[in-house]
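Below: the structure, in structure tokens.
Bear in mind these aren't lab numbers, they're just calculated from the coordinates by the rules spelled out. Just so it is clear, the model here is predicted, and its values are computed rather than measured. Cβ: placed from backbone, ideal geometry, glycine included. Neighbour counts: every protein chain shown.
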Amino acid sequence: MVKGLRSIVILLIIAGLFNLFLTPGRTIISFWIFTVSDVGLKNAVLMTSRMVLLIIGTSVMTLTTTPNQLTDGMEKSLGFMKKFNVPVHEISMMMSIALRFIPILIEETDKIMKAQMARGADFESGGLIKKAKNMVPLLVPLFVSAFRRANDLSFAMEARCYNGGEGRTKMRPLQYSSLDQRAYICIAIYLIVFYSAKVIL
């Protein structure tokens, strides 16, 4: 979970510094052209803490829950929307396919990048505009490969007579247990404490 924070360290520093030095309030420390206020210090701590908790919370969810469990849970929790003709099963299916395509596209990107570098492509040197131009030889075959895979998947689903979620059953249906009830209680207590502390502060 902590490793997931490495990619946003710079973003955390920028967000913290901007809130620390650019927020008006009662001055605590002043040096050179910088002024630290009480409101700025509070906002910097809150902003960085929220971002850290967001990344850690996302990591906890993805490390403990499989993509199938995520989509099944979303489909079950949004099941009431079927009464309003919302295609809940199709939305969950699209989410499941998107999650499964992410590692495939990452692997495909790595292969294409290595192939282009073997042909003399340079993705590192130059300014921002040049780097963007250098990405064109990478993006075009990547999009072609993604569309080809999506087309093959649609043919495979049609060959298996897939026609949506009507009348479909699940191999491992989700069942609520006492652990789920305790989790709901913990979340409710957390939200009550969080909003109470926010009102008090």
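Assorted remarks:
- Members of the range 67-125 that are among the aromatic types (F, W, Y) and surrounded by 11 or more Cβ atoms within 10 Å (Cβ to Cβ): F101, F123
- When restricted to residues that are more than 28 Å from N43 (Cβ to Cβ) and over 25 Å from the mean Cα position of the chain (by Cα), the range 180-201 contains 3.
- Residue within the range 59-80 that is charged (D, E, K, R) and more than 30 Å from G164 (Cβ to Cβ) present: no
- Checking V52, V140, V144, V39 one by one, the residue that is assigned to a helix (DSSP H, G or I) and in contact (Cβ under 8 Å) with a residue 24 or more places away in the chain is V52 and no other.
- Selection of the range 1-44 for residues being β-branched (V, I, T) and exposed (fewer than 12 other Cβ atoms within 10 Å of the Cβ) yields V2, V9, I10, I13, I14, T27, I29, I33.
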